[in-house]
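Participant: First the structure, which I've put down as structure tokens, then a few questions once you've had a look.
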Amino acid sequence: MASQKEIQKDKNTRIIRVGKQKLDHKLIREAAALLRSGELIAFPTETVYGLGANGLREDAVRKIFAVKGRPPDNPLILHVGFKKDILLYGRNISPSVKKLIHAFWPGPLTIIVKKRTKIPDIVTAGLDTLALRMPANSVALALIRAARVPVAAPSANVSGKPSPTTASHVYQDLFGKVEIILDGGKTDVGIESTIIDCTVEPPAILRPGKITRRQIENTIGFVDNYLYNSNDTVDSVPKSPGLKYRHYAPDVQLILVEGDATAVKATIDALIRQYHSQNKRVGILAFFPGSRYTIGKQDTLVNLGLRKQSVSRRLFETLRYFDEQKVDVILAENFPSHDQAIMNRLRKAASEIIVAQA
Ligand code: AMP
Ligand code: MG
């Protein structure tokens, strides 16, 4: 990856602290005016930081793909400031969609509906369907409302890297490429929204997130699960175009070891010995309690524990941390509760998955 110095700097990126409780509305209006006029603004949401552009302007949205190096067939999520906006930009809104909005908006649920023609094709990568979300972060909502346009925004990272959960992660990836980074502190959820496609019957979950399948089924009844795991090849036909790409990956290779606790430990112990014999520094991403591994002082171990909320909040920053520590390889335990959202991110970040045999 290009280092910060090599990145051509054509903007004087400003990081602006906005504070979540007491918002500085003058600063937010300034950012919103730039956003409306076609500039890129990075902003916090409750999931991860977003890279926002005026979702009604093709030229503005085009910049997102250029700055991130995002494949052109990977559609964006359109962020709205009010629940009723779904009627402005989507059509054929079903009773299920209304129930989901009522139950989960504002919040980390992205809903796919049929698209209206006023949304430029570049937002949806030419698809006839549109992904919509109303975020629950006060900075995000104030920005979108002040801009008075829907905001197309993917995560504010270079394509393929772990999503940013702090303003400084955005700065590391997009320094010189965006006008303003609104700094609202560390994001709450830490992983991207759940995506549900409501243009099919039954509706289908395309990406797991904080809002679980069970919560959704309690609201609208049975839904399908079209999850993509790391075995999907690029030429399989993906239900969600972006999900075929490798994601969330640190620069260094990550080996994910799945299986029961004892087998996982034995496999990781053997890998540690193997890498040490090659004079390599290992990073260990652990969840099981206790200090299970014998490591050297050149190595880095992070134990994120068993609580879903704190694991998801710290997962991406931890992947970035291993890169900073310059380890040669990351060895990751599977997350024991088999939480779908967390395991999905780990599998997509992995360059190799080993199933440990007991
Ligand atoms: P990101 O903004 O980086 O979290 O990525 C947005 C995700 O939403 C990508 O994986 C897209 O493939 C998915 N997405 C956006 N719009 C659609 C759509 N119309 N149909 C299916 N998936 C979509
Ligand atoms: Mg992303």
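Participant: Taking the condition out of contact with any Phe, Trp or Tyr (no Cβ under 8 Å at 6 or more places or on another chain) and polar (S, T, N, Q), does ASN54 pass?
Facilitator: yes
Participant: Taking only pairs six or more apart or across chains, which ones have beta-carbon atoms under 8 Å, a first residue in region 297-308 that is in contact (Cβ under 8 Å) with a residue 60 or more places away in the chain, and a second residue that is part of a loop (DSSP other than H, G, I, E, B)?
Facilitator: none
Participant: Hey, does region 216-232 have a residue that's surrounded by 23 or more Cβ atoms within 10 Å (Cβ to Cβ), in a loop (DSSP other than H, G, I, E, B) and either free of Cβ contacts under 8 Å to residues at least 24 places away in the same chain or under 19 Å from the mean Cα position of the chain (by Cα) (or both)?
Facilitator: No, region 216-232 contains no residue that is surrounded by 23 or more Cβ atoms within 10 Å (Cβ to Cβ), in a loop (DSSP other than H, G, I, E, B) and either free of Cβ contacts under 8 Å to residues at least 24 places away in the same chain or under 19 Å from the mean Cα position of the chain (by Cα) (or both).
Participant: In the list THR194, THR219, THR124, THR129, which residue meets the criterion of being more than 15 Å from LEU76 (Cα to Cα) and β-branched (Val, Ile, Thr)?
Facilitator: Result of the check over THR194, THR219, THR124, THR129: THR219.
Participant: Go over the candidates SER351, SER337 one by one and state the one that is under 20 Å from ASP188 (Cβ atoms), of a type in the set (Gly, Ala, Ser), surrounded by fewer than 18 Cβ atoms within 10 Å (Cβ to Cβ) and over 17 Å from the mean Cα position of the chain (by Cα).
Facilitator: It is SER337.
Participant: Tell me, which helices (runs of 4 or more DSSP H) lie completely within region 48-135 with 2 or more residues that are within 22 Å of the chain's Cα centre (by Cα) and surrounded by fewer than 16 Cβ atoms within 10 Å (Cβ to Cβ)?
Facilitator: Where helices (runs of 4 or more DSSP H) fall fully within region 48-135 and carry at least 2 residues being within 22 Å of the chain's Cα centre (by Cα) and surrounded by fewer than 16 Cβ atoms within 10 Å (Cβ to Cβ), they are 58-68.
Participant: Can you tell me how many residues in region 154-202 are of a type in the set (A, V, I, L, M, F, W, C) and closer than 24 Å to LYS22 by Cβ?
Facilitator: 7
Participant: Could you tell me how many of the residues in region 164-211 are in a loop (DSSP other than H, G, I, E, B) and not aromatic (Phe, Trp, Tyr)?
Facilitator: Residues that pass the stated criteria total 27.
Participant: Which of the residues belonging to region 140-163 are β-branched (Val, Ile, Thr) and either closer than 11 Å to ILE64 by Cα or not in a helix (DSSP H, G or I) (or both)?
Facilitator: Within region 140-163, VAL149, VAL151, VAL158 meet the criteria.
Every number in this text was worked out from the coordinates using simple rules, so none of it is lab data. Being a predicted model, the structure only gives us computed values, none of them experimental. Neighbour counts run over all protein chains shown; Cβ positions are idealised from the backbone, glycine included.
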